[in-house]
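This report concerns only the one structure given below.
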Amino acid sequence: MSFPEKVKIVEVGARDGLQNEPQVSTQAKIDLINGLSQSGLKHIEAGSFVSPKWVPQMADSHQVLRSITRFPGVAYSALTPNLQGFLHAIDANVDYIAIFASASETFSQKNINCTIEQSLERFEPVVSAAQKKGIPVRGYLSCVIDCPYEGKIAPQQVRNIAKLLSSLGCYEISLGDTVGTGTPVRIQQMLEAVNHDIALEQIAVHFHNTWGQALANLFHALSMGVSVIDSSVAGLGGCPYAPGASGNVATEDVVYLCHELGIETGVDLTSLTQVGWSITQHLNRTPSSNVALAIGKQ
């Protein structure tokens, strides 16, 4: 069994991790992102320029991105669902942006109030504007295994939407097991389907740990050659439109697994763990990371 020599970890804790939290101070977000940057992470999703009406927790994303300490070699991104959001993101000096679609029609309606086809049409001017400014665009695809409303999602459906996102201009497609029900065999079937049209180098995996399968699924994805992983420090996160979906796989657990497999991450695990402890203390909880709990608060 062979694995990639190194992986790219996309840290989503400051956006995907905190968007479900009822109240997090702007300063806490800034401190979190600065701490993540110091840990060696090179790709940090720092905010979201969606309507404050829908995700009020991200209303301060512009202030956060304007206030963080920019570390050399670290790319800071934000979610931008429309042209207005894109312009705000550019003004906040993001390095790249992300758009998001779903493999489930029902989830698309619940999440962004439109069909899959309509969502892709809405993203066209955003991608076009980004390309004119030389800003890379990442694509998120949710519900790649199951939908909380429709149940099982066919791998062919995931393949079709992933191909459309790629054709739209996304340099990387992040495949999200939104409700965390995936198991290794189903993950393999889904990845093989998407890989028919998209190179492994352009595929990222975004696994939630609701059913405790995220690391097993990651191990299998790594063994297939996937080398881009989305994760969230301390296991923060979930999805406000996916009932029962708990946090993302914890970055600490991902880093530990990769290091034990001899895969380079560029991340200092001790430093990262303390960042996780710090933000969870602010949230008055403990990390949802076995590695963080094992290491303990220093």
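Things worth noting here:
- About the Cα centre, charge dipole magnitude for the chain (Lys/Arg +1, Asp/Glu -1 at Cβ), debye: 420
- For the stretch 1-138, accessible area per residue (1.4 Å probe, heavy atoms of protein chains only), Å²: 43
- Highest to lowest packing among 261-271, 218-228, scored as the average C-beta count within 10 Å: 218-228, 261-271
- Extension gain (nm, one decimal) between H196 and E117, 0.36 nm per residue minus Cα-Cα: 26.3 nm
- Percent antiparallel among DSSP beta bridges (both partners in the chain, rounded to 5): 10
- Which labelled figure in [x] 55, 44, 35; [y] 68, 45, 29; [z] 49, 45, 34 is Cα extents along the principal axes in Å, once derived from the coordinates: [z]
- Here the simple spin-label model places points 7 Å from the Cα toward Cβ, and for Y149 and W211 these points are separated by 2.1 nm.
- Between P52, P148, P136, the residue with the greatest mean-square fluctuation in the GNM of the chain (Cα pairs under 10 Å linked by springs) is P52.
- Computed accessible area, K110, all protein chains, 1.4 angstrom probe, square angstrom: 110
- The stretch between H282 and N160, if pulled fully straight at 0.36 nm per residue, gains 39.8 nm over its current Cα-Cα span.
- Mean Cβ neighbour count within 10 Å, used as a protection proxy, ranking 5-16, 198-209, 69-80 highest first: 5-16, 198-209, 69-80
- Accessible surface of the chain [probe 1.4 Å, protein heavy atoms]: carbon and sulfur percent: 50
- Ordered by solvent-accessible area of protein heavy atoms (1.4 Å probe), largest first, the residues V24, V158 come out as V24, V158.
- Contour minus Cα-Cα distance for R66 and K53 (0.36 nm per residue): 2.5 nm
- Solvent-accessible ranking of R66, R186, largest area first, probe 1.4 Å: R66, R186
The values are calculated or read from the model by the stated rules, or taken from the named source; none is laboratory data. Everything numeric in this text was worked out from a predicted model, so none of it was measured. Backbone-built Cβ (ideal geometry, glycine too); neighbour counts: all protein chains shown. Please note that ligands, DNA and RNA were not included when accessible areas were found on the heavy atoms of the full protein model with its side chains. Shrake-Rupley method; radii C 1.70, N 1.55, O 1.52, S 1.80 Å.
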